[in-house]
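Take a look at the structure below.
Rule-based calculations on the coordinates, nothing more; no lab input. What you see is a predicted model; the values in this text were computed from it and never measured.
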Amino acid sequence: MSITRWDPFRNISTLQEQVNRLLESSVNAGRTEGGTLTSWAPAVDIYETENELVIKADVPDMNEKDLDIRVENNMLTIRDERKFEQKVKEENYLRIERTYGAFSRSFALPNTVNTEGIKAEYKNGVLTVDLPKRAEAKPKQVKVNVTTGNNN
């Protein structure tokens, strides 16, 4: 019969290795071997009103003429590219945290959207895409008359 002693530190190195691998993979996600970021996707908010769906995308430092917004097969796609500023030499940067390069975001549109009436506005680094609903998809209010039935 052997006695096994409980050692609270026995598995600590394994746990530390797992935590290190997890942190390493999340820090290096989207980076190449040289440490440069390879792709990015702007953050979006999507909300619905009575008459439309609205998509707001954070796309600072973009030229509105270069934003490519199109609908194909009930799929809205937004594309553009943020180019690295060449005014300053890369070796003069102390820190580069913003992401550069091409992006593409696609959103499946419900059949309730009137694709002919889609409008987009770019202001203060935010792209707002208004997706109007078809007339038959808008909520309707119907007044129902209630009668009292006196059966004497």
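Using 0.36 nm times the number of residues separating D61 and N145, minus their current alpha carbon distance, what extension gain do you get?
Taking 0.36 nm per residue and subtracting the Cα distance, the gain is 24.6 nm.
From the cross-link list K65/K87; K83/K123; K65/K89; K56/K83, which pairs have alpha carbons spaced over 25 Å apart? Write out the running numbers ahead of the final one.
Numbers: K65/K87 22 Å; K83/K123 19 Å; K65/K89 27 Å; K56/K83 21 Å.
The pairs that break the limit, which is 25 Å between Cα atoms, are K65/K89.
Full-extension gain between N124 and E90, please, as 0.36 nm times their residue separation minus the C-alpha to C-alpha distance.
Contour length minus Cα-Cα distance gives 9.6 nm.
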